[in-house]
Each structure stands twice: as structure tokens, then as C-alpha cells.
Amino acid sequence: MGVKGRAPALCPNRLNPAGFCPIQIGPEPPIGPLAMNAPVTAPSVAEAPRYDFLSAEPRWQLAWEARGCFHVEDQPTDGKPKYYVLEMFPYPSGRIHMGHVRNYTLGDVVARYKRARGYAVMHPMGWDAFGLPAENAARERGVHPARWTWDNIATMRGELKRMGLSLDWQREFATCDAAYYGHQQKLFLDLLRAGLAERRESWVNWDPVDGTVLANEQVIDGRGWRSGAVVEKKLLSQWFLKITDYAEELLAALDGLDRWPERVRLMQANWIGRSEGARLRFALDAPAGGIDGVEVYTTRPDTLFGMSFLAIAPEHPLAAAVAANSAGAAAFVAECRSMGTSEAAIETTEKKGFDTGLRVRHPFIEGATYPVWIANFVLMEYGTGAIFGCPAHDQRDLDFARKYALPVPPVVLPAGQDSAGFAIADKAFDGTGTMINSGFLDGLTAPDAAKPAAIAALEKLGVGQGVVNWRLRDWGVSRQRYWGCPIPVIHCDACGAVPVPDADLPVRLPDDVTFDAPGNPLDHHPTWKHVACPRCGQPARRETDTFDTFVDSSWYFARFCSPRSDAPMDRGAVDHWLPVDQYIGGIEHAILHLLYARFFTRALTRTGHAGVDEPFAGLFTQGMVTHESYRAADGAWLSPDEVEKRPDGTAVQLGSGAAVTIGRSEKMSKSKRNTVDPGAIIARFGADTARWFVLSDNPPDRDMEWTDAGAAGAFRFIQRLFRHVESRPAGGALPDSFGQPARDLRRATHRAIAAVTEALEDFTFNVAVARIHEFANAIAEAERAPPSADLDWARGEALDTLARLVSPMMPHLAEEMFATLHPDADRLLAEQPWPVADPALAAAERVTIAVQVMGKLRGAVDVAVGADEATVLAAAIAEPNVARALEGKRVVKRIYVPGRIVNFVIAG
RNA sequence: GCGGGCGUGGCGGAAUGGUAGACGCAGCGGACUCAAAAUCCGCCGUCCUCACGGACAUGUCGGUUCGAGUCCGACCGCCCGCACCA
């Protein structure tokens, strides 16, 4: 798809940009050949572009690559300060989408800007390549997951390269490559040795049709998201990483992440969920199945005198013991087990219980006993899996008590209430109050004073103690999947779970697998799992589970520092490059990925692989890319390509002209068909257009709407900038003095440098774009002024500056501008420094001061910058409109803010 | 229920307590053109006024201040995250 008639052939020496002869004007025919070669879908605005992105973009991409502009060493010795920019690496789903374009453009702006500021910038790219979609493709289309994945990677790599990202492609890797996941196996074995990984039984969501464990997010309305089968709870032996060992640290260290968004830190803090309370033991009146007591966790031990019942989770050992001898209990437990754990299921599920007939003794009240219920709302995973019910002061307990007609004794009296008539109706009271009906706690303030008093009493009696409890649970990493990193363990009947010796790593996935049966193909494989025990040599079985793919993404940023190392990472390289200075990605990873990576980094440091605790010093979370959705009269979703927007805001179906309903702008999704293919946009308008538009529309942390009009506007602006460069005057020597138009232009130039720099530092790229628009307007104004040598020189300075300022955002155009401005230079703009603003040149000569009377704007005066207060006030009073407002009034106070405002306060 | 965020023209948005609406999109008018596109110039919050100018205006109500989109309080609306977490 060349533009042969117009663009010159590539200069043989690609390293010499001066030899590019970038754009031929004059002798070449301006319209004909281009029009013939333009894409058929090109908009009319593209019919006569002066800047030919079709030839320029690939040409500059080759030039950058040939010169190795974006490559850095694992352990550089050039003495430059380091800067590690990373965007969340993509899952190779098939093609890139607009979310990728936005994400990688944001990162590239940072990378190119920091590089120009003199940093050695590491900006790598790789592939989060394991995952379920590859297996789905295998089942649905018979493609091998590896084939599917590697093909997608090839496609998406090409698309990313066409975006002109300043990536160090020499660092590329895919997590599905044994050269990566083998090291992950080694890391796991190190974690195992350090006591940070262990195998234990746990309850999981089990899909009986697919024969696999489901994550909570994969359970929809109590059914498996793929099979639609009713999900069961099942006890399975699984591998866990002990993230809870770091709960305290992961929470405390959030305070130090001052370059993270506040809301991400809050979400993590909530997820870790620290609470303070007490653990205490209730003795059973009579033992059952060898169990003589129940341990309970509570955050409100002060309300113990308000106890009405004790409830245990259906999975609690005592429930099992009771069920062994009670058909009713067994049936209830079975019913709970078949219940989904999804949010929807939980929300709609009524509180239900089963009275075991057992009773427990109260720790404080001699002789008092309470019934023990099995209750569906008690979670085995949180606390101890048992609670004491205090219905007066806990809404869930109250709902339960009302359903089963259990007593509701109040023990905390709200301020201003009289204890005589106080009773709980249908709303539990969980606020601050005064203790009543509570023996030795009576009169204390609850919970502040009463809670420690209750804990002290429990400790004195030896039945409980104050504890800190965490919501965070250990990270279950076992998945019954083929397309993941094999867990490097061998199960031996005699020796138990034996780690694969380091020398035998990597444990490779077998290629010859079938997907025709449900369940895990690794488990079905005829030979793969049958191995000798590394310890005793007897026949043994390989672990056929693979790691959760979140493990793969928990250390990839460290691997990027030394991607070809024989070890998981080189200590020198990670010590140099970590932490990531700027990490950029979607808010959807605010909790799991970022928390796992923070934990894993600590684990890497504990096992000697790295030396930092926090992987990401700075985090930026971008918004989504949205688009209008369209529906035909029959309700079918229509893609934007099938719809024509009318000037009056309505839309019709292309071809038929049938009316189309325009829906609100929402996240691009395949189901709503409101997606726009970045590849098509880049082919039609160029990468710089796509980059400029995703940056210009709004602040990057908010959702942005993709519109054709916006993209076309970005395209027009690119053409406009290049026209300014083409019509530049010949350069000359630095003049001795500058006239007014030249001084104005130089002021605009140096103000633009300062303003764009500030906006880039602030991540307000939309403001940087606006400042560049203003700067372009100033250049256009200078072009209209009468020509003069000093103005010509100032225009040259402005255009050179303009090229540099747009270079992080539109790097191809910037190179083309730079090469055109400096046709003899053997330099790439990508290697040029960022411009520096001269405050003296940026300073204003005159300034407009607003004049208010009683805070209302009445006029404005134009004064010299250095004018003293008396001069400014005199000018202000003289301003006709101000004078009129002050006429006959007595000024009692004059406010003067230099350079800004005058305000006269008048009497009466 | 708990936690957080956000309300500014037709739209996206800008604004260290100091001329609200920068900049862009859309729209309107004009120039160029046989015509259209492209390009260039101008207008563009609402109301009153021929105009000069004035009044109103940043979700609502109140407060602090010479001065509030910005700070404080209450309320309304929308969005997001977490959630039988004891």
C-alpha cells in the first residue's frame, strides 16, 4: 500500500534521516496518484493531505528501530537516572482494542517524555499468554491453545508496532513460553522452601459438568458460567500462597504509596479488611461427636450479655458431627452446600437455620445456656466459622432471631433513650451507647470502654483473648486447567507431595492433548502424569493442576529487567530497575493483580531474588473507552460501520436507510457491537491520529467516548501542523533585536514549553493538547504578520519547539516536522532533549488587571508588568465603567493583588 | 449497609480563593470556488437592550471572605468499589 507516485523510495541508508527527502512538494503531481492510492474508505478530508502518514509512519518506525533508540541494557553504565515505565501487559485475545491503544499511548507519552528529559527509560512489552480463552478456542474450533495464542501474539505485535510505541522489543516474552514459566516454577519451589506456599484442603465452587473449579466471578446466579450447571461446594486439596502472612504489612505499606490513586489504596485496605475483636470459646453443655466447645470471633465482645443463640457455618466440623447422627441436620447441610456463592445468590438467599438441639454455656453468666444453630449466613472462611448471635445489635442476627422467634435482649442503650421502655423493633442498634443488662459492664460506654473491659474479663477467665482478624484469605493458586504453568510437584504415596528437583525444571506442558472430554486435559493425558518419585523412585503422579494466571502477572515486571537471564531474574538488574516508576492500567485490576504483585514482590525479596518490597512506586489508572451503541428496528445491535450519522443527530442504517436507535455511550463490547477496530483507524488516519485523539478528549483517568468526528479532528490538526512547517521561512542568523510580533511569538513559545511540561508531569494530557492548540494558534497569528527577519527566526524557533512538544504524543509527525526543519541534520528527534523554557522570554510585558467594585467585575485595565500600586489604582479609578460605579461612593478599602485584581470596597 | 468519587454551555472539558467557560467538537455567518470538499476569517451560556451596558449563571440551600466553581455545613442527583466479613 505504498504511495509510489509521490513518496520517494526509502533512502538506502536508513540511519540518515536527512536522506529521507521526507515529502516532495512542487514537482510531484499533488493530487492524482495519491487519490488513486488512498484507501477507498478515506474521508474526504484525506484527499489532499500534505503529510503522508502512510509512508512516514513505517519509515520512522524503521529509523527508530535501526538506531536502537528505545533499547536499554539490563545493567546500564551510562550514569543516567533510570525510569521504568510499564503498562499492564496484554492478554493475546486476538486483536488490540481501543483500551489497549489508550493504555499504551499513555505509557508511551510518559516514556518518550522522560527519555527526552534525560532518563534511561525502560519501556518493555510482553504477553500475559496463559488463560481460559485459549482452551475455549481449542474446544470450539479445534485449534491448539498454543497455536491460537502464538498466532494472536504475532497479529497483536504487528498492530502494536504500527502504533509507533517506543518499546524495547528486545525484552519481549510470553508467559506461556517455558523460558518464562520454568522460572516461575523455580520461584514457587523457593516459596515452598520459605514456608510461603502450602497444600491444604479448602472449599471451592465446583462445576460438576465441566469438572472444574470456578472462581467466584465465574459463578453466575449459582450456575457455572459456561456449563450452566448448578455449582456445588466441594472440599479439594489445593496449593495456597500465604499472602495472609503479609496482611499487616500490605495494609501498613499502603500509606507509603503516595503516587497511587487514593481510591485504589482504599479498595485494597477494604479488601485486606483488618478488624479488632475477640476470639472466645463457648463450652458445650454436653459434648457432641467428641467436640466439647465452639470457638467464636466477634468484633463486639461488649455485647456478650445480649447473646441469644450461637450459630455455626454449614461446613463447620461441629455441623458435620451433628449431621452424622441427624438426618434433618444432614439435609440442611446438604442444602446449603448446593447453594451458590455468587453475590446475587447471597443477596437473594433468605437466612435459614437448623437447631442442633445442642446448648452452650455463657462465659459470664453462671448457669445460662443458649441453643446452637447451623446457619446458612455464617461463613466458614471468615473468623472461626462460628458466631454468637446478638440480635439487638446486629441486623443479620436480628433477622435470624425474628424468623425463629429467638429472644432479643438489648444491652446497649442509645443516648437520650430511657432504659425502661427500650426495645428493639425491626432495626438492630449498632451505634454508640451505654451498657445495660450487662452485669459488670453496666454503665460503660459501648463500644469504646465496654469492649476492652469485656476482653479483659475474657482473658482473666482464660476463655478468650483480644485478636486482630483479617478479611484477606490465602491465595488459592491451583486451577484444573491445561493452558497454564504446571505446578512443579510430584505426588508419591510414600513420600507425599515432593517438589520437582530444580534440575528437572521446567516441567513442560505436553503438546499432545485433547479437549473432547470435560475436565483437565492434563489429567486425561495417557502418560504425562506418570513419573517416578524423585525421592524414592517409586511410581508417582505429577500434579496436574496449573497455576492461576495471576501468578504469571505477579512477577513479569521483574523478569523484564533481565528477560534472557538463566535465573528468574538477575539481582543486579532488578536492583537497578525496580520498582516500576510509573505503572499504567485499568482500574479493574485495582485489587487482585496489584495486591498479588505486592505480595509476590515481598516474597521475591524474602527468597533473595529481589530487594524491594513495593513493585510499583507510581500507579495511574485509566478510564475506559466507550462508544455509542446502535440498534436496528428489530432490536439487533449494529456496528458503527453499518450506521451513518446524520447532521441532525439521528442515524440510519447504511444501505437500507432504515432508522437506527442510538443508545448511550458505554464500554466497547462485542455483544453490543459498539467497537471500533484500532487497526482500521490506523490504516485510515494513521497512528498519530489515534494517539492524539485518545489523549485530547478528556483527562486520562476518566472514561472517554470514541467518536468519528473526534478522530477526524485529530487528523485535521496533524495536517495543519505540518502545513505550518512546510510554509516556514528560510532560517537565518539570530537577530540582534526582536520586534513586537516576534517577541509575542517567542513569549508564546516559551509559555507553551512551560505549560506543556507541567501538564505532562501532572498526567493531564488533555491540557497539554489544549496548550499545543493555543501554541499553534499563536504560530498562525505570526504567519499573518508582515514578514521580517526577526519574525522569521522566531517562527523557526517556534516550529522546532512545536515538533519537540508534540513528539511524545505524535512521534511520527514530530520526526517528519523535525526532519523538514533540519534537512541537513543527521539526527532523530527521538534522541533530542526536551526544550527548556526561558522565564525571561515567557514573561509578559503588559498585564490586564481586572477591576471589581464590591466584588463585582466592572472593568479591566492594561498596565505594564512592573507598574506600582499607585499607578494601577489610578488607572483602575480612571476606567470609565469603574468610575461610574464609584461615582458618589466612598471607598473604604482597596484590595490590590499584583498582576491579578483590584477590588474597591465602598461604604454603605 | 459500608467506603469512595463526581455534578460547570448543545457536547468533551479548562480554571495556585482573584476577569468562569481556556482549548477542542458540534452549530451559525462570511471569504475562496462554476459548485462542492478542503482551507481561511468571524460569531457562539441565558435574559433585557438598537447600542453602551446591565441582570442572572458552575446541582440546591446556607456559611466563611473584599472576593467562592474552588474552602466549610446540610441536602438532592448520578456513578463506582466492597458486602450475610460477625
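The values are calculated or read from the model by the stated rules, or taken from the named source; none is laboratory data. Predicted, not measured: the structure shown is a model, and the values here were computed from it. Glycine also receives a Cβ, built like all others from the backbone with ideal geometry; neighbour counts cover every protein chain displayed. Quick note on the areas: whole protein, heavy atoms, side chains included, nothing else; ligands and nucleic acids left out. Shrake-Rupley method; radii C 1.70, N 1.55, O 1.52, S 1.80 Å.
Per-residue counts of other Cβ atoms within 10 Å, averaged by peptide: what ranking do you get for A:725-735, A:627-637, highest first?
A:627-637, A:725-735
Out of the total accessible area of the stretch A:288-327 (probe 1.4 Å, heavy atoms of protein only), what percent is carbon and sulfur?
That fraction is 52 percent.
Need the full-extension length gain, A:Arg784 to A:Ala709, defined as separation in residues times 0.36 nm minus the C-alpha distance. One decimal, nm.
Length gained, A:Arg784 through A:Ala709: 24.2 nm.
Normalised by the residues of chain A, what does the relative contact order come to in percent, with Cα pairs under 8 Å and at least six apart?
13 percent
Around A:Tyr119, what is the net charge, scoring Lys/Arg as +1 and Asp/Glu as -1 over all other residues with Cβ under 15 Å from its Cβ?
My count for the surroundings of A:Tyr119 gives -1.
What lysines could a cross-link reach from A:Lys672, if we take a straight Cα to Cα line under 26 Å and drop same-chain neighbours fewer than 8 places away?
A:Lys645
Could you point to the residue in A:Phe904, A:Asn777, A:His525 farthest towards the positive end of chain A's charge dipole, with +1 and -1 charges on the Cβ of Lys/Arg and Asp/Glu respectively?
After comparing all options, I get A:Phe904.
What is the packing order of peptides A:368-380, A:402-414, A:514-526, taking the mean over residues of other C-beta atoms within 10 Å and listing the highest first?
The packing order, highest mean first, is A:368-380, A:402-414, A:514-526.
Could you point to the residue in A:Ala709, A:Val551, A:Thr244 farthest towards the positive end of chain A's charge dipole, with +1 and -1 charges on the Cβ of Lys/Arg and Asp/Glu respectively?
A:Ala709
How big is the dipole moment of the stretch A:758-823 about its Cα centre under a simple scheme where the beta carbon of each Lys and Arg is +1, that of each Asp and Glu is -1, and everything else is neutral? Debye, nearest 20, please.
Roughly 140 debye, rounded to the nearest 20.
Listed highest first by mean packing, meaning other Cβ atoms within 10 Å per residue, what order do A:544-551, A:245-252, A:169-176, A:887-894 come in?
Ranked by mean Cβ neighbours within 10 Å, highest first: A:544-551, A:169-176, A:245-252, A:887-894.
Please give every one of the lysines within straight-line cross-link reach of A:Lys82, meaning a C-alpha to C-alpha distance under 20 Å, and leave out same-chain neighbours fewer than 8 residues apart.
Within the straight-line limit of under 20 Å, A:Lys82 reaches these lysines: A:Lys114.
Restrict the search to the stretch A:57-161; then list the GluC sites (Glu not before Pro) that DSSP places in a loop and that have at most 16 other Cβ atoms within 10 Å of their Cβ.
A:Glu73
Before I look further, what does the stretch A:768-908 give for accessible area per residue, probe 1.4 Å, in whole square angstrom?
Ligands and nucleic acids excluded, the result is 48 Å² per residue.
Would you mind checking A:Lys233/A:Lys529; A:Lys233/A:Lys670; A:Lys351/A:Lys460; A:Lys352/A:Lys667 for any pair whose Cα atoms are more than 30 angstrom apart?
Pairs exceeding the cut-off: A:Lys233/A:Lys670; A:Lys351/A:Lys460; A:Lys352/A:Lys667.
Toward the positive end of the charge dipole of the stretch A:417-499, about the Cα centre and with charges on Cβ (Lys, Arg +1; Asp, Glu -1), which of A:Ala456, A:Ala428, A:Gly496 goes farthest?
Checking the options against the dipole of the stretch A:417-499, the answer is A:Gly496.
Treat every Asp and Glu Cβ in the stretch A:294-438 as -1 and every Lys and Arg Cβ as +1, leave all other atoms uncharged, and give the resulting dipole magnitude about the Cα centre to the nearest 20 debye.
In total the dipole reaches around 280 debye.
Could you tally the net charge around A:Gly306, taking each other residue with its Cβ under 13 Å from the Cβ of A:Gly306, Lys/Arg +1 and Asp/Glu -1?
Net of charged neighbours comes to -4.
How charged is the neighbourhood of A:Ala540? Take every other residue with its Cβ under 12 Å from the Cβ of A:Ala540, and add Lys/Arg as +1 and Asp/Glu as -1.
+2
Can you tell me, using C-alpha contacts under 8 Å and at least 6 residues apart, the relative contact order of the stretch A:822-900 as a whole percent?
26 percent
At 0.36 nm per residue, minus the direct Cα-Cα distance, what do A:Asp868 and A:Ala420 gain on full extension? Give it in nm, one decimal, please.
Here the answer is 153.8 nm.
Given Cα pairs under 8 Å that are at least 6 residues apart, what percent is the relative contact order of the stretch A:71-229?
Across the stretch A:71-229, relative contact order equals 22 percent.
Mind checking the per residue accessible area of the stretch A:678-751 for me, 1.4 Å probe, whole number of Å²?
Normalised by residue count, the accessible surface of the stretch A:678-751 is 40 Å².
Let's see if you can work this out: charge +1 on each Lys and Arg Cβ, -1 on each Asp and Glu Cβ, no other charges. What is the dipole magnitude of chain A about its Cα centre, in debye to the nearest 20?
Its charge dipole is roughly 880 debye.
Taking all protein chains in place and a 1.4 Å probe, what share, in percent, of the accessible surface of the stretch A:107-182 do carbon and sulfur account for?
47 percent
Sum -39500 (n - 2.57) across every DSSP H segment of at least 4 residues in chain A, then divide by the residue count to get the 222 nm mean residue ellipticity, nearest 500.
About -10500 deg cm²/dmol.
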